[in-house]
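Engineer: One structure coming up, written as structure tokens, with questions to follow.
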């Protein structure tokens, strides 16, 4: 017997049991570390779950969990043997894992937090989990990522226990495993952000390559793509109808600002640019949602009017022509008018080509110019929409 009446044989037996348990835990941890890369997959969050579950098994604790501080909120990222009613998100202050393990440590003083006996301690008052679940012991270790303590890996028990040096070494090793997964997740997120940024920049470059910088309309290259897809739609329709043509096709409308060189010569190229932008805005604002306007080149614009016959296309062009002719354009103190000439061809033939469509509209436009300008001309050919 010892001086205080304790049977030394019982003490020795308990110490031996604790040593054996610690040695068994160390063997289990070594097994885990040996199998580490075989157990883990590509998802860092699932890997953190594996680490937490294994830690609980190795240390034989009631609950193992990894708490992470995010935007001022303490969040449980992973928990093994979750008790009923457990709050996975809470304000950090008053929780052992935050007050003792996260905020109490910095990058130069990382060590295990060992609380072998919570009964009667201040934590029964401060930490609601200690009260609610009758926790008696706590072992935690900070998780350090890029020089900052971001979370705590911990185990808790509802019985009093003395966490050995070996068990503290084990939780430190598992904390390093969590850190590796945190860093992998950080790398993945940064890579995803870089890819998203690169994709956005590529889309911006593509938009710039397909957009006229002055008028903000699609440019010639973009409109060629739209025309190509429109012809492909006609081909699919023809195939679906058993190679029987029918229905409305599309109208290709070329329009040109009359005597635009005189605008530049008289009022200057800056004023000419403003005229181009104003005309582009009028064209855009006076088309249906399914129709498109593009700057074809110089002072020339091309309109793609979908599902429209010749009479309907003429009505659209005439309406826009009247709006343009009635719009006063101002440069400085001077006000002047401009007019547009339109050339139209309509198509429902799936065997046509882009160049042929545009050439026919260009012929109609040329006829309009030769006929006195400020007019709408439809190409009189058998290829017009029916």
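Engineer: Give the residues of segment 59-87 that are more than 33 Å from the chain's Cα centre (by Cα) and either in contact (Cβ under 8 Å) with a residue 40 or more places away in the chain or not in a loop (DSSP other than H, G, I, E, B) (or both), sorted by residue number.
Structural biologist: 59, 61, 62, 63, 64, 83, 85 - these are the residues of segment 59-87 that are more than 33 Å from the chain's Cα centre (by Cα) and either in contact (Cβ under 8 Å) with a residue 40 or more places away in the chain or not in a loop (DSSP other than H, G, I, E, B) (or both).
Engineer: Restricting the search to segment 336-364, which residues are under 20 Å from residue 280 (Cβ atoms), surrounded by fewer than 23 Cβ atoms within 10 Å (Cβ to Cβ) and in contact (Cβ under 8 Å) with a residue 40 or more places away in the chain?
Structural biologist: Initial filter on segment 336-364 (under 20 Å from residue 280 (Cβ atoms)): 336-344, 358, 361-362.
Subset that is surrounded by fewer than 23 Cβ atoms within 10 Å (Cβ to Cβ): 336-339, 358, 362.
Correct list: 336, 338, 339, 358, 362.
Engineer: Let me confirm something: among 78, 103, which residue is at pLDDT below 85 and either assigned by TED's automatic domain parsing to the domain that holds residue 177 or more than 26 Å from residue 162 (Cβ to Cβ) (or both)?
Structural biologist: On the way: 78 fails: at pLDDT below 85.
The match here is 103.
Engineer: Residue check: is residue 27 closer than 18 Å to residue 170 by Cβ and either modelled with pLDDT of 90 or more or under 24 Å from the mean Cα position of the chain (by Cα) (or both)?
Structural biologist: no
Engineer: Okay, next question. Considering segment 236-264 alone, what residues qualify as being more than 23 Å from residue 365 (Cα to Cα) and at pLDDT 80 or above? Step through it out loud before you land on a result.
Structural biologist: Step one: filter segment 236-264 for residues more than 23 Å from residue 365 (Cα to Cα), giving 236-247.
Hit for segment 236-264 is 236, nothing else.
Engineer: Within segment 365-381, can you find the residues that are touching a residue at least 40 places away in the same chain (Cβ under 8 Å) and at positive phi? Steps first, please.
Structural biologist: Quick first cut of segment 365-381, residues touching a residue at least 40 places away in the same chain (Cβ under 8 Å) only: 365, 369, 373-376, 378.
Listed by number, the residues that qualify are 373, 374.
Engineer: Would you kindly identify the strands (runs of 3 or more DSSP E) lying entirely within segment 271-336 that contain at least 2 residues that are at pLDDT below 95 and over 25 Å from residue 232 (Cα atoms)?
Structural biologist: Those strands (runs of 3 or more DSSP E) span 329-331, 334-336.
Engineer: What about residue 352, is it closer than 29 Å to residue 233 by Cα, at pLDDT below 95 and not assigned by TED's automatic domain parsing to the domain that holds residue 264? First the steps, then the outcome.
Structural biologist: On the way: closer than 29 Å to residue 233 by Cα: yes; at pLDDT below 95: yes; not assigned by TED's automatic domain parsing to the domain that holds residue 264: no.
When the stated conditions are applied, residue 352 does not pass them.
Engineer: Can we say residue 194 is in contact with a helix residue (DSSP H, G or I) (Cβ under 9 Å, 6 or more places away or on another chain), surrounded by fewer than 11 Cβ atoms within 10 Å (Cβ to Cβ) and outside the structural domain of residue 299 (by TED's automatic domain parsing)?
Structural biologist: Values: in contact with a helix residue (DSSP H, G or I) (Cβ under 9 Å, 6 or more places away or on another chain): no; surrounded by fewer than 11 Cβ atoms within 10 Å (Cβ to Cβ): yes; outside the structural domain of residue 299 (by TED's automatic domain parsing): yes.
Here the answer is no, as residue 194 does not meet what is asked.
Engineer: Please go through (1) free of Cβ contacts under 8 Å to residues at least 24 places away in the same chain; (2) part of a loop (DSSP other than H, G, I, E, B); (3) out of contact with any helix residue (DSSP H, G or I) (no Cβ under 9 Å at 6 or more places or on another chain) for residue 176 and return the number of the only condition it doesn't satisfy.
Structural biologist: The one condition residue 176 does not meet is (2).
Engineer: Can you confirm whether residue 52 is touching a residue at least 24 places away in the same chain (Cβ under 8 Å) and within 33 Å of the chain's Cα centre (by Cα)?
Structural biologist: Criteria met by residue 52.
Engineer: Would you check which residues across segment 137-152 are within 16 Å of residue 56 (Cα to Cα) and over 31 Å from the mean Cα position of the chain (by Cα) and list them?
Structural biologist: Going residue by residue through segment 137-152, those that are within 16 Å of residue 56 (Cα to Cα) are 137-141, 152.
Within segment 137-152, 137, 138, 139, 140, 141 meet the criteria.
The values are calculated or read from the model by the stated rules, or taken from the named source; none is laboratory data. A quick note: this is a predicted structure, and the numbers were derived from the prediction, not measured. In this analysis, Cβ positions are derived from the backbone assuming ideal geometry, glycine residues included, and neighbour counts consider all displayed protein chains.
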